[in-house]
Amino acid sequence: MTSSTSNISIFSDLFRRRVPQILAIYGAGCWTIVQIVEWVIDRYLISPHLTDLCLIAMLSFIPSIALIAYYHGTPGRDKWHPIEKIGIPLNIFASMLILFIAFFPKDLGAVTETVTIENETGEIINKIIPKAIFRKKIATFNFENETGDTTNNWLKYGLPYLINEDLKQDIYLSHIDQANFSHQVEDYGYMFYESLPLNVKKKIANRLNKTFFLLGKYELIDNSYVISITLYKTKNLQKVFENTYIGEDIFSLVDKLTYELKNNIDIPRSYLLKNVDLPVESITTNNQQSLKFYIQAINELNNFNSLKAIDLLDKSIVADKLFLSAQVLIAEQKRLLLSDDGWKDHYDIVLKYIDKVSENNLYNFKMSYYNLKGDAELYKKLALIRVELYPDDIDALAKLAEVYSKENIKERLDNTINQYKKILKIDPYRYEYYRKIGKFYYIKNKYDSSLYYYNKYKDLAAEDYTIYDDLAFINKMQGKYSQSKNMIDIGLIHNPDNIKLNIDILENQYYQKVLDGEEVIPKLFLLLNNVDNFKDSLIVYHDLLNFYYDLGQLSSAINISNLIYEIEFSKYGEHAIVHKLLNSWQLYLDAGLNKELIQLIEDYSNSTQNNNKAYQLCLYYLGTQNFKMLKETVNEAERQLAET
């Protein structure tokens, strides 16, 4: 009875002092402030973390509000109580500490930032872009074909492609489709075209550092496509959004899909209302047959069927000549694979209509053009712009790294390594970049760093035993022959047919003077007898070439050089002359085959349609110390290089 009476008296006392009423008013005020903050965030694109900041701050001050209400809630003037003098400052200190710990690393400012870029024509542009941390990150997996007809399989990749192209218009989004993370799928033991369990998709999306991932399936009923999609939150597999779209036009269905997708991932509504979102058919193609041929061509390229891919790309641009992605891809294949000057015709169309594509593709297509044209300066400018605008785009970072790696400046290696490290920060599971970093540290003669990254690659890509060849080589370069042999032995246990590791054994024995060059050569020919593929045979022949050259057996070295050319010609056609010139230059000079070298330069200039014959002759005259002819040729060489 006493306890009950005590409880009643406590509640009566709290009501008398108006504590519940004041706390209710405070709660209502807090709710109002949160609503206002959310409106301000949406209206003025301010950090969404501010909502949490306000909520936690106001909740943390409840003890102080309760104390003030308790001692000052009754009418009349009250003195400050000692508990208030201690409790309120402690509460304020604790609140500030909690807020500091919870929000110190978070950006509480604007969602956007202004970047200043210089385009390839020198024009300075100020552009407002979302900060990388606030971009919505999504991975889309291949869709499931539920039509029961394998001829519709191309849509498994075609629909994610269209979604990717549509979302590329919005710089607020960082989106990737499965075509661009197939390495992750392979890591889990699946082929690109195979269906994946939901949990594997979650793991891959988590590896890619994507907040959401999108799954889809499609049917064909009475000539209408039925596309069903589900958007998951990667962290907890919570379904964020799902819907079904029905219609005969896949392009309009994708437009509806992406519009609703963006409205369900907390992108500020004020931003969406101002953002220009063009129909996907206006930035890609409105011809389904053209899209089908394009997707099939990409699949053929992934299977190394380049000629078949070119045939399909031809069909794609016949169906729609303004499908610029197809025009770019066929131009690249014709220029790089066939050395066909017809690539320029395709790019004439691309450059004329380039304003139809998304900004991301605009820069990408122009970069491809400058690359094919050989304009390194403009290529670099656009590579820098892409990284500035799309800091999470691994392709953009990789292309900038490639630019840096080819520059003739002291910092080129460090710049390249830094870009690769940025890629690994975004996606730590892009194992190949650990190996690339190891290679560039080797070039810098930083063998310890090289070994560190090679070992990192070895630990992560556990089934790629070719890394033991790199580890063996680095140890050999440091004179650590026993460690080098250990790496070779481990590699051969896992992969006894690895031709490079077998060659490494012979080279180690040669450098340790266990075998001389004359003894190594027959053993290389024995290895050659066991080779059954193009790549491995070239590896052995190149090693034979080097040993014959080191032994001064130049005629034998030339014979091997001719054999290498014949093998490469069967694979690459006339483009193989490039490798022959590079591999045989010093060999022909040392053998006194000057006329043959000049003829090789002539063949190179004719077959590759490169306008740099005079430059190659300058190198020849420099090598033969014919300074008179060098002086007569250098002006023509400079003119040709300027035109190129």
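Read-outs throughout are calculated quantities, based only on the coordinates presented, and are distinct from any laboratory measurement. What you are looking at is a predicted structure, and each value in this text was computed from that prediction instead of being measured. Cβ sites come from the backbone with ideal geometry, for glycine too, and all protein chains shown count toward neighbours.
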Query raised in the report: Label GLN512 and GLN288 with points 7 Å out from Cα along Cα→Cβ: what is the distance between them in nm?
Result: 6.7 nm
Query - Farthest toward positive dipole pole in region 93-249 [+1 Lys/Arg, -1 Asp/Glu at C-beta], among ASN164, PRO105, ALA179 - result: PRO105
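Net charge within 14 Å of ASN145 by Cβ-Cβ distance, Lys/Arg positive one each and Asp/Glu negative one each, not counting ASN145 itself? Working shown, then result.
Values: positive: LYS156, LYS217, LYS292; negative: GLU144, GLU146, ASP149, GLU194, GLU219.
So the environment of ASN145 carries a net charge of -2.
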Query raised in the report: Where does the charge balance sit around LEU108 when Lys and Arg score +1, Asp and Glu -1, over other residues with C-beta under 12 Å from its C-beta?
Result: 0
Requested in this report: Please list, in chain and number order, the residues 5+ apart from THR112 or on another chain whose amide H is under 5 Å from its amide H, with Hs placed from the backbone.
Outcome: LYS131
Report summary line: Two pseudo-spin positions, 7 Å from Cα along C-beta at ALA94 and at PHE627, lie apart in nanometres by 8.7 nm
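How long is the gain from ASP414 to ILE246 if the chain were fully straight, where each residue apart is worth 0.36 nm and the alpha carbon distance is subtracted? Working shown, then result.
On the way: separation 168, 0.36 × 168 = 60.48 nm, distance 5.23 nm.
Taking 0.36 nm per residue and subtracting the Cα distance, the gain is 55.3 nm.
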Query raised in the report: ASN286: net charge of surrounding residues, Cβ under 15 Å, Lys/Arg +1, Asp/Glu -1, itself excluded?
Result: -4
Query raised in the report: With axes computed from alpha carbons, what is the tilt in degrees of helix 594-608 against the longest principal axis of the chain, rounded to the nearest 10 within 0 to 90?
Result: 40 degrees
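Under the rule a/c < 1.5 gives rounded, and otherwise a/b versus b/c splits prolate from oblate, where does the chain land using the Cα gyration tensor?
Here the chain falls in the prolate category.
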Report task. May I ask you to compute the full-extension gain from LYS571 to ILE124, defined as 0.36 nm times their residue separation minus their alpha-carbon distance, rounded to one decimal in nm? Result -> 156.3 nm
Query raised in the report: Per residue of the chain, what 222 nm ellipticity follows from adding -39500 (n - 2.57) for every DSSP H run with n ≥ 4, rounded to the nearest 500?
Result: -21000 deg cm²/dmol
Requested in this report: State the extension gain, in nm to one decimal, for the chain segment bounded by LYS535 and ILE56, taking 0.36 nm per residue of separation less the distance between their alpha-carbons.
Outcome: 166.2 nm
Report task. Using DSSP, restrict attention to beta bridges with both residues in the chain and report what percent are antiparallel, rounded to the nearest 5. Result -> 75 percent
**Report entry** Estimated FRET transfer efficiency when R0 is 56 angstrom, pair LEU220-SER9 (beta carbons, to 0.05)
**Finding:** 0.15
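What FRET efficiency do you get for ASP341 and GLU463 if R0 is 30 Å and r is their Cβ-Cβ distance, rounded to the nearest 0.05? Please list the in-between numbers first.
Details: r = 43 Å, r/R0 = 1.42.
Working from the Cβ atoms, E equals 0.10.
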Report summary line: Helix 82-103: inclination vs the chain longest Cα principal axis, degrees, rounded to 10, gives 20 degrees
Requested in this report: Quick one: grab the alpha carbon gyration tensor of region 288-349, order the square roots of its eigenvalues as a ≥ b ≥ c, and give me rounded if a/c is under 1.5, else prolate or oblate depending on whether a/b is larger than b/c.
Outcome: oblate
Query - Point-to-point label distance, ILE493-LYS352, nm (Cα→Cβ direction, 7 Å offset) - result: 6.4 nm
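Among 432-439, 554-561, 538-545, what's the highest-first ranking by average C-beta atoms within 10 angstrom per residue?
Values: 432-439: 22.0, 554-561: 17.6, 538-545: 19.6.
Highest mean packing first, the order is 432-439, 538-545, 554-561.
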